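Colleague: Mind having a look at this structure? Questions to follow.
The values are calculated or read from the model by the stated rules, or taken from the named source; none is laboratory data. In this text, all values refer to a predicted model and were calculated from it rather than measured experimentally. All Cβ positions, glycine included, derive from the backbone under ideal geometry; neighbour counts span all protein chains shown.
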């Protein structure tokens, strides 16, 4: 009996050591959400409606992260990163533009969480390889993971949440959001250069151009590159649901690894933490929404569907996202926007996408980014992160909503 108790204690201790702080946060939020439902503070029908709505998002998130993890294992991102560094030819200014394009395209096409989870270590490895400061590359990743996530439904989970209400195809959404997206990226570039990339911050005039990166398994490299290209094509033509497209691409890559490198396939590839954290967040915020958040948001944003209402909705969405989290805040804010106010709804979407760059918990991507930086020994001052993020959030939000007002339908 004593040995049995000791075994249980050893197993419990091992589990505790393996769990990250974010694992405890995710589990705690889900447990709290379920408790709120069990106690009746969140009606079962409201909880069911929220879970039904996010089910496709969870399917997409689970499959696209596995796709991106295996794509990284096939060294697709490493090849692209090395080519980006070589294209810069030792010039910081040229490398800056290329890194912005790289991070923006990754976010737009593979979603912001993929950028945070997988592009961050690639960028940090690139910093070591070419002998440059890591923080500018790290900040490029986390800021553009958020501010470059406006253009396509796949770019941000909030865009997927908005799909039914916005009622726009991927090309239709891109046609409405290209100007806000361009404005947001340009403002982000300005803030990145001012706060992190200019000569006084980076500490060097040039960098050493790396050699070309050759993948160890060219077959896996080609299969993963092809799967990603097919996934992007599927979401652009809007032929199938996003989770179906990501699941099909992931299945192709998994089969390829099962044949070529079976040892890479493991359960830890599945983003369990996110799959636990997201439902918990939604249940907790939906409870708050039921008990007065809806009325507060409706009063804060107002019924005005014009330019003033757009700026109010964006400011409320961005501000509250930094207090709570952008995913449930968008869902709560959407219910408070009058049905006919499509421009105001898009402005709310801008606020919850571009605004959450101030606090570490404002978006899942930022949480994941902090974890990856910590794991690789890169320290970013929290005070500086918050201060510079506040400047970026306010300026990018204003520029993006202004661009939407100037180019959108009346």
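Colleague: Under 6 Å between Cβ atoms, which residue pairs at least 6 apart in sequence (or on different chains) link something in region 308-321 that is surrounded by fewer than 24 Cβ atoms within 10 Å (Cβ to Cβ) with a partner that is at pLDDT below 90?
Modeller: Hits for this filter: 309/302; 312/301; 312/302.
Colleague: In this structure, is residue 269 buried (at least 20 other Cβ atoms within 10 Å of the Cβ) and either within 17 Å of residue 110 (Cβ to Cβ) or within 21 Å of the chain's Cα centre (by Cα) (or both)?
Modeller: no
Colleague: Got a sec? Which of 122, 76, 117, 101 is within 15 Å of the chain's Cα centre (by Cα) and either at negative phi or at pLDDT 80 or above (or both)?
Modeller: The conditions single out 117.
Colleague: Scan region 203-216 residue by residue and report those that are within 17 Å of residue 69 (Cβ to Cβ) and in contact with a helix residue (DSSP H, G or I) (Cβ under 6 Å, 6 or more places away or on another chain).
Modeller: The answer is 215, and nothing else.
Colleague: Do we have any residue at all in region 216-233 that's modelled with pLDDT of 85 or more and outside any helix (DSSP H, G or I)?
Modeller: Taking every residue of region 216-233 in turn, at least one turns out to be modelled with pLDDT of 85 or more and outside any helix (DSSP H, G or I).
Colleague: Same structure again: Of 141, 147, 106, which residue is closer than 30 Å to residue 294 by Cα, modelled with pLDDT of 85 or more and within 13 Å of the chain's Cα centre (by Cα)?
Modeller: Result: 147 is the single residue among 141, 147, 106 that is closer than 30 Å to residue 294 by Cα, modelled with pLDDT of 85 or more and within 13 Å of the chain's Cα centre (by Cα).
Colleague: Please find, within region 372-386, the residue that is modelled with the lowest pLDDT out of those that are surrounded by fewer than 13 Cβ atoms within 10 Å (Cβ to Cβ) and assigned to a helix (DSSP H, G or I).
Modeller: 375
Colleague: Further question: Among the numbered conditions (1) without any contact (Cβ under 8 Å) to a residue 24 or more places away in the chain; (2) over 15 Å from residue 400 (Cα atoms); (3) surrounded by fewer than 20 Cβ atoms within 10 Å (Cβ to Cβ), tell me where residue 294 comes up short.
Modeller: (1)
Colleague: Within the bounds of region 79-93, is there any residue that is crowded, with 22+ Cβ neighbours inside 10 Å, in a helix (DSSP H, G or I) and either modelled with pLDDT of 90 or more or at positive phi (or both)?
Modeller: No; the residues of region 79-93 include none that is crowded, with 22+ Cβ neighbours inside 10 Å, in a helix (DSSP H, G or I) and either modelled with pLDDT of 90 or more or at positive phi (or both).
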